[in-house]
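The values are calculated or read from the model by the stated rules, or taken from the named source; none is laboratory data. Quick caveat, the model's predicted, so the values are computed rather than measured. So basically every Cβ, Gly included, is an ideal-geometry build from the backbone, and we count neighbours across all protein chains shown. Please note that ligands, DNA and RNA were not included when accessible areas were found on the heavy atoms of the full protein model with its side chains. Shrake-Rupley method; radii C 1.70, N 1.55, O 1.52, S 1.80 Å.
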Amino acid sequence: MQQNVESIQQDVEKACQISQRPIDSVTIICVTKSVDNETTKQVVDLGFSHLAENRMEKLLEKQAYLANYKTIKWHFIGNLQRRKVKTVINQIDYFHALDKISLAEEIQKRALSKIKCFVQVNVSGEMTKQGISPDDLLHFIKDLKDFDRIEVVGLMTMAPIDSNLDELSHYFNQLKKLQQEIASKNLDYAPCTELSMGMSQDFMPAIESGATFVRIGSRFFES
Ligand SMILES: *Cc1c(COP(=O)(O)O)cnc(C)c1O
């Protein structure tokens, strides 16, 4: 894993250089959904403190296993069923998949403090993808105004896996533009300063388009 980590860090640095951004403007989230507890611990021991899971059971299991590591920031990515909100929402630092008012209502009901949320946007219009369509986004953000347990820290997207570089840049730039548009409104409940975009295959173009959080899984663990 050490070698993979070094090559990821080099690529992140390279993308930052190309786009003239400071290296510390990008946070690497290690997506540990496909690996066991022990491997996840190794990632933390290598210095990565932002971890992401997409299943409630796995999240809770890993949190129990890593209970002594107080500095870990836990991210929940992917679909969260409404009935699981009450178990998950107070266990995490960031939620990356807010895309329905019904889900916001459940978070509002169950959260014990303000939750940092990314609104997930479906920039490509792929039917299979979760997320709000870009056309509906501003309206959706406006509708979140009365939810005082939700802080919209930024936008999140997933690009289609078969995208070429031009398409990737197009999708990521589009998310950046939407983020800036919302941020410029200076809404106290939606500062929207962050961009969660870029995975193993496409984190370099994502950083070049302004990603502040990249979610990398398989690149860490491939042999
Ligand atoms: C699995 C997953 C990732 C990481 O994908 P890799 O291709 O393994 O880097 C990132 N974001 C989401 C939402 C995921 O489900």
All but one of (1) within 22 Å of CYS30 (Cα to Cα); (2) surrounded by 16 or more Cβ atoms within 10 Å (Cβ to Cβ); (3) in contact (Cβ under 8 Å) with a residue 40 or more places away in the chain hold for PHE147; state the number of the condition that does not hold. (1)
Looking at (1) touching a residue at least 40 places away in the same chain (Cβ under 8 Å); (2) among the polar types (S, T, N, Q); (3) open to solvent by 80 Å² or more (accessible area, probe 1.4 Å), can you tell me which one ASN186 breaks? (1)
Filter the stretch 16-66 for residues that are β-branched (Val, Ile, Thr) and closer than 21 Å to PHE118 by Cβ and give the result. VAL26, THR27, ILE28, ILE29, VAL31, THR32
Of the residues in the stretch 155-205, those that are assigned to a loop (DSSP other than H, G, I, E, B) and touching a Ser or Thr at 6+ places or on another chain (Cβ under 6 Å) come to PRO160, MET197, SER200
Taking the stretch 206-222 on its own, how many of its residues are within 14 Å of the ligand (Cβ to nearest atom), over 18 Å from LYS73 (Cβ atoms) and either open to solvent by 20 Å² or more (accessible area, probe 1.4 Å) or outside any helix (DSSP H, G or I) (or both)? 4
Could you check, for the stretch 37-44, whether at least one of its residues is within 19 Å of HIS75 (Cα to Cα), within 14 Å of the ligand (Cβ to nearest atom), over 19 Å from the mean Cα position of the chain (by Cα) and of a type outside the set (D, E, K, R)? yes
